[in-house]
Amino acid sequence: MRLAITLLTSNSLCQLPPLIAEDGRPGLRTTTNGYFRVVRAVKSADTVDSSLPNIFDPMAKPRTDHASDTAVVGNVRTKTPKLYKVVILNDDFTSMEFVVLILETVFMKSPSEAVQIMLHVHKSGRGVAGIFTKQIAEAKIEIVHQQAKNEGFPLRCMLEEE
């Protein structure tokens, strides 16, 4: 009985440690699907058991015909997360330079964008610093509040669902 797997790579032939029986008896049988040698479970010398997984075939379809507590899902669709606005609120004590610094460092705005947003906050009382997922927005708000506290400014931000 010869036990070996042969892998064909781009320009070489390499032997892996013995894993499969190639003597035609029930067990595992290998076939070639172009680039890979494919391993299949065999009930007898002539039939391939399709109820057993084709474990080495990269193009094998997921099995869903078994009764277990684990389900294999064919098409998984993910929902895009809700987005939230980080709104900077105007106050009479925080300097314009500090607001621009926050917008540049925390929210990664260009200097001209930061000045525009700061002026909008100054004139209208509030302005959107950025739109993020909830966790990122909350983290950025916490950073802004911490930096404002360290510098002695009462700058406040809030979270709004978009």
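Can you tell me the mean projection area, over all orientations, of the convex hull of region 123-162's alpha carbons? Units nm², please.
The directionally averaged projection comes out at 3.2 nm².
How large is ³J(HN,Hα) for each residue in region 133-145, as worked out from phi by the Karplus curve 6.51 cos²θ - 1.76 cosθ + 1.60 (θ = phi - 60°), to whole Hz, x for Gly and Pro?
Couplings: 5, 4, 5, 5, 4, 4, 5, 5, 4, 4, 5, 4, 4 Hz.
For GLY127, which sequence-distant residues (separation of 5 or more, or a different chain) have an amide H within less than 5 Å of its own amide H, given hydrogens modelled in the peptide plane?
ILE88
Roughly what would the spin-label model give for THR80 and GLN146, points 7 Å off Cα along C-beta, in nm?
3.0 nm
Name the long-range amide H neighbours of LEU83: under 5 Å, sequence gap of 5 or more, or other chain; modelled H, no Pro or chain starts.
The answer is GLU162.
Under a 5 Å amide H to amide H cut-off, with H placed in plane at 1.01 Å, what residues pair with ARG156 once short-range neighbours are removed?
Excluding prolines and chain starts, which carry no amide H, the hits are LEU89.
Using Cβ contacts closer than 10 Å as the measure, can you line up MET96, MET118 from fewest to most?
Values: MET96 12, MET118 25.
Neighbour counts put them in this order, fewest first: MET96, MET118.
The numbers here are math on the coordinates, done by the rules we state, and not lab data. Source: prediction; values computed, not measured. When we count neighbours, we look across all protein chains shown, and the Cβ atoms used for this are built from the backbone with ideal geometry, even at glycine.
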